[in-house]
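Some notes on the structure that comes next.
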Amino acid sequence: MENLKLNGTMNQTIVVAGISNQEFLQQYARPGCVGLSAGVTLIDKAIVRAERHLDAAGAWGSWSHSFLFQGLRHDGHHWVIESDIQINRKHIRLGAQENRISKYFDQDFYTTLAVLDFSLPEATVAKLLSEGLELVASRARYSLRELVGTLIALRDPELRAQRNPLARESSLYCSAFIQHLFGKAGIELAPGVHGKNTTPDDISRTPVPHVTYLLQRKLPANKLAQLRGRVRGKVRARIEKLKAARGKNQGKV
């Protein structure tokens, strides 16, 4: 366990080992908690590499995605709210969406996970979920443009507090989505950083009192290479299925 004292409060990081993604999330995820993930895809690596500008020693970041835990639904499954790029069998979802927590059980795609528990009162959790569902209903988009603007701002600390020059209306990438939700609830997760310049690592470093449950696996280089190959294969398979489905639909017209 690592204790970090921030702004007069004691934040804790509790490292968990020896269990699966599924076991970890089922044990620690609660409504209103924030999830963080990292993986082995090129997009994951590009984001954590860009986050090196947040570290004085230039170390790469730890996180490439963030999301909000919603809790159990009537189907018996725990759900999350997030802004993401999701490739399904017949379509692509690009933006605010709901997904079952089982999405993060895949240890090939999500090699590292964390749960940030802020011990929020029920009214605050309800506010977060209400705002998140509103963005899902209004089809807020995942903005790759804004993500590029954030990566540019990472090179200059003065730009981080300013408006993202590539900002678009009704658009939020993952960590900007989380920053937006907490801002609506009166909680500033990344003080001094503009909402649309927020990174997953900013969320992980928040001074807001919390406990971080960290599931971390140290994989040998040959294992990482194997995982990347398997992930690329899965992505290609999903894209091919999507193309095939589109071809069938066009043939019916």
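Coordinate-derived values only; no laboratory data. Predicted, not measured: the structure shown is a model, and the values here were computed from it. A quick note on method: Cβ atoms are made from the backbone with ideal geometry, for glycine too, and the neighbour counts reach across all protein chains shown.
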- Message: Can you classify segment 133-208 as rounded, prolate or oblate using the Cα gyration tensor, where a ≥ b ≥ c are the square roots of its eigenvalues, rounded means a/c under 1.5, and otherwise it's prolate if a/b beats b/c and oblate if not?
- Response: oblate
- Gain in length, R163 to R52, computed as 0.36 nm per residue apart minus the alpha-carbon separation, to one decimal in nm? 37.9 nm
- Message: Apply the a/c threshold of 1.5 to the C-alpha gyration tensor of segment 122-163 and tell me whether it is rounded, prolate or oblate.
- Response: oblate
- Message: Given points 7 Å out from each Cα along the Cα-Cβ axis, report the R217 to T13 separation in nanometres with one decimal.
- Response: 2.0
